[in-house]
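To start, the structure under review is shown below, and the notes come after it.
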Amino acid sequence: MARPRQFDEAAVLDAAVQCFWSRGYEVTSVRELAEGMGLTSASLYNAFGDKRALYRRSLEHYLEQSVRDRIRRFEGLAPRDAVAAFLGEIVERSMGDLECRGCMLVNAALEIAPHDPEFRLVVAEELRQIEAFFRRCVGRGQKSGEISATVDAKDAARILLGVLMGIRVLARARPERALLEGIVRPALGLLDPPARPPGQLAH
């Protein structure tokens with residue numbers, strides 16, 4: 001009979017995320033992972049498989065606690081507020097990232113996805129989910145009248161996804177609040193309905 005695991009899986013995955021997030025996939029060794037997770041190398045292999053399999057589990061753990069959690073929390077807000085809150089939190093997280101680690105999803109997109117078909121699919125699907133969140137927000141906002149109907153919802157969602165990716169990449173080299181907020185502000189401005197001339201009544 002197999003012996004039960006003698007560790008908290010969520011806790012050790014948290015530790016693995018920190019290792020990969022700080023150093024990247026290629027540079028991080030199994031020995032460093034085992035030390036960071038408080039496991040022996042044998043226990044790590046028995047529980048999670050090789051380094052690649054552990055990275056896959058760690059990325060999934062990260063996404064569930066960050067990107068997907070953020071979508072769940074903001075989905076119920078008013079549409080424009082949801083978009084603004086999502087991007088605003090990204091700016092705050094980026095400013096608070098003293099190690100300039102960026103986003104683990106974006107890091108995976110840059111480091112691993114270009115030469116690993118499986119991870120390319122994982123990253124692409126997650127980006128599609130973020131784009132879909134933006135598209136739902138824009139579509140709902142257009143129906144309620146709080147977001148301009150002159151912009152195509154799909155195009156707006158893609159612009160917002162590009163803004164998000166740009167913030168995450170720029171913040172690694174230039175973590176400047178004015179820069180990051182200056183990217184968000186005009187992007188949100190694209191969503192605003194055109195101002196009515198003074199004295200013109202809404203129909």
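The values are calculated or read from the model by the stated rules, or taken from the named source; none is laboratory data. Quick caveat: nothing in here was measured; it's all calculated off a predicted structure. A quick note on method: Cβ atoms are made from the backbone with ideal geometry, for glycine too, and the neighbour counts reach across all protein chains shown.
Laid out as a table, the results:
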quantity	calculated
Failed item in (1) assigned to a loop (DSSP other than H, G, I, E, B); (2) touching a helix residue (DSSP H, G or I) at 6+ places or on another chain (Cβ under 7 Å); (3) without any contact (Cβ under 8 Å) to a residue 24 or more places away in the chain, with Arg120 passing the rest	(1)
Set Gly141, Gly162: member being surrounded by 20 or more Cβ atoms within 10 Å (Cβ to Cβ) and at pLDDT 95 or above	Gly141
Gly36 being over 30 Å from Leu161 (Cα atoms) and of a type outside the set (Lys, Arg)	yes
Criterion (modelled with pLDDT under 95, hydroxyl-bearing (Ser, Thr, Tyr) and within 22 Å of His115 (Cβ to Cβ)) met by exactly one of Ser22, Ser41	Ser22
Matching residues, segment 75-108, being crowded, with 20+ Cβ neighbours inside 10 Å, over 23 Å from Ala15 (Cβ atoms) and touching a Phe, Trp or Tyr at 6+ places or on another chain (Cβ under 9 Å)	Ala82, Val83, Phe86
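Residue-by-condition table, conditions (1) in a loop (DSSP other than H, G, I, E, B); (2) modelled with pLDDT of 95 or more; (3) among the small types (Gly, Ala, Ser):
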{"site": "Leu54", "(1), (2), (3)": "no, yes, no"}
{"site": "Leu63", "(1), (2), (3)": "no, yes, no"}
{"site": "Ile71", "(1), (2), (3)": "no, yes, no"}
{"site": "Gly76", "(1), (2), (3)": "yes, no, yes"}
{"site": "Ala84", "(1), (2), (3)": "no, yes, yes"}
{"site": "Glu89", "(1), (2), (3)": "no, yes, no"}
{"site": "Gly102", "(1), (2), (3)": "yes, no, yes"}
